[in-house]
Structure formats: C-alpha cells, structure tokens
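Since the structure comes first, as structure tokens, the remarks are kept for the end.
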Amino acid sequence: MDFKQYQEFTHKTAIYPDKSAIEYLALGLVSEAGEVAGVIKKKLRDNTYFLDVKDKLKAELGDVCWYIAQLCYHFDLEFEEILQANIAKLSSRKERNKLTGDGDDR
C-alpha cells in the first residue's frame, strides 16, 4: 500500500461532523500524540518490556497517521507531498548544519 492508497482508505473510515472537521481532526491528532507520549512515559516509569511498548506504539502511531491523512484530505494535500516537503526541509538544514536550534526559518 502506498501513501495515496492509505489516505484514500482513511477517508472511507472517517466519521466526524463535516462542519467542524478541521477542529475535530486537529484535536484528534493532539490526543493521539498524547497517547504516544503516554506509552513512552509508562515505559520510563515501569521499565516496560520493549516488545510491549513496540506493539502499543505501533497502534498509537497508526492513529496519528490516520489523523494526519485526514487533515491532508481536508486541505487538498497529498500525504506523500507532506513527507517529501519534510525531507527537503531537513536535507537543507543538514546541508547548512542547522539541524539543531530553534525556529522554522533556520
């Protein structure tokens, strides 16, 4: 499955109010990212076995991807386009030795 197929699939599974789709999706993305953080936090606290954490992360990161794909859909963006733009941004920063620091315009 490629990114375009995944994005199309996510839209077939989307159930949320269309009039507030952007807000719903943004809140869902933040919520799922918080669940990813919670898995890591519990690993630190409980020294959880790696495979247990890996399975939980797989599920939560999949949910993060779902929300990203749906936000892309509503803004008429391709999921792959987002990834390519991120590669270009990070490659430029690496070439200019600007991977560390703050701000988007480094």
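The values are calculated or read from the model by the stated rules, or taken from the named source; none is laboratory data. It should be emphasised that the depicted structure is a prediction, and the values quoted were computed from it without experimental measurement. Cβ coordinates were reconstructed from backbone atoms using ideal geometry, including for glycine residues, and neighbour counts include every protein chain displayed. Just the protein is used for accessible areas: all its heavy atoms, side chains included, with ligands, DNA and RNA removed. Shrake-Rupley method; radii C 1.70, N 1.55, O 1.52, S 1.80 Å.
How many residues are outside any helix (DSSP H, G or I) and modelled with pLDDT of 90 or more when one looks only at the range 30-66?
0
Only residues that are assigned to a helix (DSSP H, G or I) and open to solvent by 70 Å² or more (accessible area, probe 1.4 Å): list them for the range 74-85, please.
Selection gives 80, 81, 84.
Any idea which residue in the range 41-64 is nearest to residue 22 (Cα to Cα), counting only those that are open to solvent by 50 Å² or more (accessible area, probe 1.4 Å) and touching a residue at least 24 places away in the same chain (Cβ under 8 Å)?
63
Could you check residue 97 against (1) more than 11 Å from the chain's Cα centre (by Cα); (2) open to solvent by less than 60 Å² (accessible area, probe 1.4 Å); (3) not hydrophobic (A, V, I, L, M, F, W, C) and say which number it fails?
Failed condition: (2).
Before we move on, is residue 16 more than 16 Å from the chain's Cα centre (by Cα), open to solvent by less than 60 Å² (accessible area, probe 1.4 Å) and either of a type in the set (Ser, Thr, Tyr) or within 18 Å of residue 76 (Cβ to Cβ) (or both)?
Judged against the criteria, residue 16 is a match.
Using beta carbons and a limit of 6 Å, which pairs, at least six apart or on different chains, have the first residue in the range 77-106 and closer than 21 Å to residue 2 by Cβ and the second one surrounded by 10 or more Cβ atoms within 10 Å (Cβ to Cβ)?
Matching pairs, first to second residue: 79/3; 79/7; 79/69; 79/72; 80/3.
Exactly one of (1) over 28 Å from residue 12 (Cα atoms); (2) at pLDDT 90 or above is unmet by residue 106. Its number?
The failed condition is (2).
Quick one: what pairs do we get from the range 1-28, first residue within 17 Å of residue 82 (Cα to Cα) and among the polar types (S, T, N, Q), second part of a helix (DSSP H, G or I) and open to solvent by less than 60 Å² (accessible area, probe 1.4 Å), C-beta under 7 Å, 6+ apart or different chains?
From the range 1-28, the pairs are 7/69; 7/72; 7/79; 10/66; 10/69; 10/70.
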